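I have placed the structure first, in the form of structure tokens, so that the comments after it can refer back to it.
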Amino acid sequence: MSWMCREIDALGGAVPFDRYMELALYHPQHGYYSADRSRYGRDGDYLTAPTASEWYPRVVARLLSRLVRRCGPLRMVDVAAGDGSLLAGLMEALEPGSNELLSEVVAVERSPAMRQRQTERFGAAPVRCNADLISVAANASPTVVHASELFDAQPVVRVVGRGGELNELWVTVNDGSLGWQERPARDSVEAYFARHGVELADDQIAEANLAATDLHRRVLRTAAGAGLCLVLDYGYEARRLFNPRGRRGGSLATFAGHQVGRDPLQAPGRIDLTAHVNWDDLRQAGAEEDWTELGLWPLAEFLVRAGIADELEERGFGIEAELDAATVTARQEVKRLLDPEGMGSDLKMLVQARGELIDAAASALSLDL
């Protein structure tokens, strides 16, 4: 019997899908994110913008530099920091003046294995590595909070429409194998879909992160004063996320060796599980915490607004650059980030701000408020 079957057996033989996903991803011994191996990059299971190319942290660094000119030194908090790729690239791009530009650098990462990699990577650099948001004290200094693919890796409930009713999908153990069982949806699940005005079509499957709003409120609260929050993730607003014409089978997917799958019960702990974000949940959190939304854009639009073309030009890889191997490589990496058939369109960036960073960020991102 597999470790997951033993866990579910100990919990009564059946668990709702969000509990199963929590175990599969975050079990301290067997969970996917507990393993000390590469999860992203060419040798891992998937690519993320901060690890796909050094140009992503360079452009974020460019944005921070413009904010510093308006607001002074910034506090940087990276949530779901992974192995520290974003922060390492950011500090390298800001050198030699990073000590003056960043008053504090904080990495938040749940995985002990990844926190160990951060410790090894940063060495004597002044980066605080935290296991959770609770341990990150709010600070009145102007704060930039960054979260890449935090929300699509959170546990979700899974439901199916049955003749106007909402049934919840549970994971069971039968004869030593994992399987599905339908049950009437719990009150909290019913309330979530009712709040968003969603009624599933017959046989339509959907997923929802019931804790997304509360989690994002905790993310925003790491800034006690002026703040800018950059959330990069896969997702849609509720009206599109739960539209049966576009996602009748839901958004849940698995990743292993850069291959996409649809069976979350296969090889728990050895494959990544992910489900799209409902951006309306994060917008609700922003409104409750009195933050202003500056935009929700495809990654490509955010990078263009933040100055990726100027960054490419200033580093000698622009239109007039000699077409050598370095130039070709740089342009290919930028193209990957901007690809309208891939990462540049599929990933979205939610930008929220508060206090003096509203006008500063709007100016840096070419917005007219």
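Residues in the range 107-125 that are in a loop (DSSP other than H, G, I, E, B), surrounded by fewer than 22 Cβ atoms within 10 Å (Cβ to Cβ) and in contact (Cβ under 8 Å) with a residue 24 or more places away in the chain: 2 in all. When residues in the range 23-37 are screened for being more than 14 Å from THR274 (Cβ to Cβ) and assigned to a helix (DSSP H, G or I), 2 of them pass.
Just name the residue that is nearest to ALA88 (Cα to Cα) out of those in the range 126-139 that are among the β-branched types (Val, Ile, Thr) and not in a loop (DSSP other than H, G, I, E, B). So, considering only residues that are among the β-branched types (Val, Ile, Thr) and not in a loop (DSSP other than H, G, I, E, B), the one nearest to ALA88 (Cα to Cα) is VAL127. When we screen GLY269, GLY249 for residues that are farther than 21 Å from ARG19 by Cβ, in contact (Cβ under 8 Å) with a residue 24 or more places away in the chain, assigned to a loop (DSSP other than H, G, I, E, B) and out of contact with any Lys or Arg (no Cβ under 6 Å at 6 or more places or on another chain), the only hit is GLY249. Taken residue by residue, the range 218-237 has no member that is in a strand (DSSP E or B), among the polar types (S, T, N, Q) and modelled with pLDDT of 95 or more. Does ALA360 satisfy the criteria of being modelled with pLDDT of 90 or more, in a helix (DSSP H, G or I), among the aliphatic types (A, V, I, L, M) and more than 30 Å from VAL159 (Cβ to Cβ)? Taking the combined requirement at face value, the residue satisfies it. Restricting the range 307-339 to residues that are within 15 Å of ARG62 (Cα to Cα) and part of a loop (DSSP other than H, G, I, E, B), which is modelled with the highest pLDDT? This residue is GLY307. Candidates in the range 164-179 are the residues that are touching a helix residue (DSSP H, G or I) at 6+ places or on another chain (Cβ under 8 Å), touching a residue at least 60 places away in the same chain (Cβ under 8 Å) and assigned to a strand (DSSP E or B); of these, the one that is surrounded by the most Cβ atoms within 10 Å (Cβ to Cβ) is VAL171. Against the conditions (1) out of contact with any Gly (no Cβ under 9 Å at 6 or more places or on another chain); (2) modelled with pLDDT under 95; (3) β-branched (Val, Ile, Thr), THR213 satisfies every one except (2).
State yes or no: is VAL304 part of a helix (DSSP H, G or I) and either aliphatic (A, V, I, L, M) or buried (at least 21 other Cβ atoms within 10 Å of the Cβ) (or both)? Answer is yes for this residue.
For the range 254-276, a residue qualifies if it is aliphatic (A, V, I, L, M), surrounded by fewer than 19 Cβ atoms within 10 Å (Cβ to Cβ) and modelled with pLDDT of 90 or more, and the qualifying residues are LEU265, ALA267. The single condition among (1) touching a Phe, Trp or Tyr at 6+ places or on another chain (Cβ under 6 Å); (2) without any contact (Cβ under 8 Å) to a residue 12 or more places away in the chain that VAL334 does not meet is (2).
In the set (1) loosely packed, with under 14 Cβ neighbours inside 10 Å; (2) of a type outside the set (Phe, Trp, Tyr); (3) more than 30 Å from GLU289 (Cα to Cα), ASP368 fails one condition alone, (3). Quick check on ASP233: is it farther than 24 Å from VAL15 by Cβ, surrounded by 20 or more Cβ atoms within 10 Å (Cβ to Cβ) and in contact with a Lys or Arg (Cβ under 8 Å, 6 or more places away or on another chain)? For ASP233, the condition - farther than 24 Å from VAL15 by Cβ, surrounded by 20 or more Cβ atoms within 10 Å (Cβ to Cβ) and in contact with a Lys or Arg (Cβ under 8 Å, 6 or more places away or on another chain) - is met. Among the residues of the range 63-78, just one is more than 23 Å from VAL108 (Cα to Cα) and not in a helix (DSSP H, G or I), namely GLY72.
Checking the structure you have, find out if any residue of the range 143-157 is over 24 Å from the mean Cα position of the chain (by Cα) and among the hydrophobic types (A, V, I, L, M, F, W, C). No, because not a single residue in the range 143-157 is over 24 Å from the mean Cα position of the chain (by Cα) and among the hydrophobic types (A, V, I, L, M, F, W, C).
Checking LEU133, LEU150, LEU74 one by one, the residue that is farther than 30 Å from LEU23 by Cα, at pLDDT 90 or above and touching a strand residue (DSSP E or B) at 6+ places or on another chain (Cβ under 8 Å) is LEU74 and no other.
The values are calculated or read from the model by the stated rules, or taken from the named source; none is laboratory data. Here the structure is a predicted model, which is why all the values come from computation and not from measurement. Cβ atoms come from the backbone with ideal geometry, glycine included; neighbour counts cover every protein chain shown.
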